[in-house]
Amino acid sequence: MKHFIALFISILIFKVGFTQDQVITTPDGPKIEWENSNFDFGDLIQGERVENTFKFTNTGNAPLIITNVEVTCGCTTPKGWPRDPIPPGGKGELTVAYNSVGKYGRQNKVVKVISNAVTPNNQIVFTANVLTKK
């Protein structure tokens, strides 16, 4: 009987612990919200050079500071991003250039944005389908 009561109390405590509402809070600080974090250049002829500007907003409650932009290969070049702090609610742009010389087929490139943002996955992605010259 003692075991039955102990089991019943354990189940009751377990159930009460899981039925409580859990509040998920996001940390305070700057947050990057991309207008569109993916871009497709479509079909390119091998050797074409293209660029795209990715727009974002600091939706956090502290100034956003971008310290670096990392690319995965030499064919991708970050051409510009804000060097000054972006206040909460402020907007910014990051321009990325792509050189398709020596490339062919489907290309997927990731550009990582290094900043003080508290949001994860601060990266943008672009794709292109590089066709060989005839």
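A short reminder: the numbers here are calculations on the coordinates, not readings from a lab. From a predicted model like this one, the values you see are computed outputs, not experimental measurements. Heads up, the Cβs are rebuilt from the backbone with ideal geometry, glycines too, and the neighbour counts pull from every protein chain shown.
For a quick check: sort Glu51, Glu35 by the number of other beta carbons within 10 angstrom, fewest at the front. All intermediate terms of the calculation are to be shown ahead of the outcome.
Values: Glu51 14, Glu35 11.
Fewest-to-most ranking of Glu51, Glu35: Glu35, Glu51.
Taking +1 at the Cβ of each Lys and Arg and -1 at the Cβ of each Asp and Glu, which of Phe56, Asn38, Asn116 sits farthest along the dipole of region 32-131 towards its positive end, judged by Cα position relative to the Cα centre?
Farthest towards the positive end: Asn116.
So between Thr59 and Ile45, what do we pick up on full extension, going 0.36 nm a residue minus the alpha carbon distance?
On the way: separation 14, 0.36 × 14 = 5.04 nm, distance 3.79 nm.
The Thr59-Ile45 span can extend by a further 1.2 nm.
Treating the Cα atoms of region 32-131 as identical point scatterers in vacuum, please give the log10 of the normalised Debye intensity I(q)/I(0) at q = 0.16, 0.25 Å⁻¹, two decimals.
Values, matching the q order: -0.65, -1.30.
Holding the Cα-Cα limit at 18 Å, pick out from Lys103/Lys134; Lys55/Lys103; Lys31/Lys55; Lys109/Lys134; Lys31/Lys109 the pairs that are longer than that. It would help to have the intermediate numbers written out before the result.
On the way: Lys103/Lys134 15 Å; Lys55/Lys103 27 Å; Lys31/Lys55 13 Å; Lys109/Lys134 25 Å; Lys31/Lys109 23 Å.
In this structure, Lys55/Lys103; Lys109/Lys134; Lys31/Lys109 lie more than 18 Å apart at Cα.
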